[in-house]
1. Starting from 0.36 nm per residue, how many nanometres of slack lie between residue 31 and residue 130 once their C-alpha separation is accounted for?
2. Roughly what would the spin-label model give for residue 104 and residue 58, points 7 Å off Cα along C-beta, in nm?
3. With Cβ to Cβ distances under 14 Å as the rule, what net charge do the other residues near residue 79 carry (K, R +1; D, E -1)?
4. Ignoring any ligand, DNA or RNA, what whole percent of the accessible area of the chain comes from carbon and sulfur when the probe is 1.4 angstrom?
5. Output needed: percent of Cα pairs per 5 Å distance bin for the range 4-124, bins running from 0 to the one holding the longest distance.
6. Would you tally the net charge around residue 156, using a Cβ to Cβ cut-off of less than 12 Å, leaving residue 156 out, and scoring K and R as +1, D and E as -1?
7. Just to confirm, what accessible area per residue do you get for the chain at 1.4 Å probe, in whole Å²?
8. Once the other residues with Cβ under 13 Å from the Cβ of residue 124 are scored (Lys, Arg +1; Asp, Glu -1), what is the net sum?
Amino acid sequence: MAYRKTPAELSRLEAVRERLITCATEVVAEVGWAGASVSAVADAAGIAAGSVYQHFPSKAALAVEVFRRAAGREVEVLGEVLQGAGDPVGRLTRGVDVFARRALENRGLAYALLAAPAEPAVGAERLAFRRRYRTLFAEVVREGTAAGLLPPQNAEITAAALTGAIGEVLVEPLGAADEQLPQSDGRATRALLADLTAAALRCAGAPCAERPTH
């Protein structure tokens with residue numbers, strides 16, 4: 001009879017696997033995909049490097065799981081805002097602001113998710129998640145058009161433009177070294193968020209609120 005792991009063993013293995021994902025996420029946020037070697041992750045988790053392969057067949061498999069978990073959470077948060085209460089234009093405004101604000105608050109991980117050099121398996125996941133972002137934006141744009149709050153348009157094209165533009169705007173501040181960031185007690189961040197949300201509204205054809213003075 002083949003040996004079957006006990007519930008306690010399965011629980012222990014699952015706990016180790018989850019710890020590996022958590023530690024790998026922290027390592028990626030600090031040093032990027034290239035620096036997140038199996039040895040680096042194992043050291044962070046306090047286990048032998050060989051033990052990592054008991055849970056993931058390769059570094060790529062671990063990287064993909066890290067990406068899916070982290071990017072999946074961002075999709076969930078954006079979806080909660082875009083599909084939540086309020087009129088479509090207000091939800092679009094809040095969605096862009098929340099997505100960008102979360103990225104700027106966790107720059108290392110956000111840069112890894114959006115733009116940092118990665119192996120092909122992670123690149124494929126990026127494309128899949130971009131489609132999920134586009135779907136969310138397209139839904140709220142269609143709602144806004146149907147409600148007469150946005151002009152008639154191809155919602156899919158607008159959603160693709162929004163997804164690409166938001167990522168492109170964020171790449172530079174996310175990838176900048178700490179010493180390159182302006183020290184302006186949050187004013188630069190507030191200005192960036194205001195400009196980004198205004199640009200998103202213009203892209204969708206919505207009237208923009210007057211930009212606050214900084």
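The values are calculated or read from the model by the stated rules, or taken from the named source; none is laboratory data. This structure is a prediction, so every number in the text was calculated from the model and none was measured. For neighbour counting, all protein chains shown are included, and Cβ atoms are generated from backbone atoms with ideal geometry for every residue, glycine included. For the accessible areas, the whole protein counts, side chains as well, though only heavy atoms, and no ligand, DNA or RNA atoms are used. Shrake-Rupley method; radii C 1.70, N 1.55, O 1.52, S 1.80 Å.
1. Details: separation 99, 0.36 × 99 = 35.64 nm, distance 2.31 nm.
Length gained, residue 31 through residue 130: 33.3 nm.
2. About 3.9 nm separates the two model spin labels.
3. Numbers: positive: 73, 91, 94, 102, 131, 132, 134; negative: 74, 76, 80, 139, 143.
Summing Lys and Arg as +1 and Asp and Glu as -1 gives +2.
4. That fraction is 55 percent.
5. Calculated over all Cα pairs of the range 4-124, the distribution is 2, 11, 19, 18, 15, 12, 9, 7, 4, 2, 0 percent.
6. Numbers: positive: 131, 134, 142; negative: 139.
Local charge sum for residue 156: +2.
7. Working: 11610 Å² over 214 residues.
Here the per-residue accessible area is 54 Å².
8. That works out to +2.
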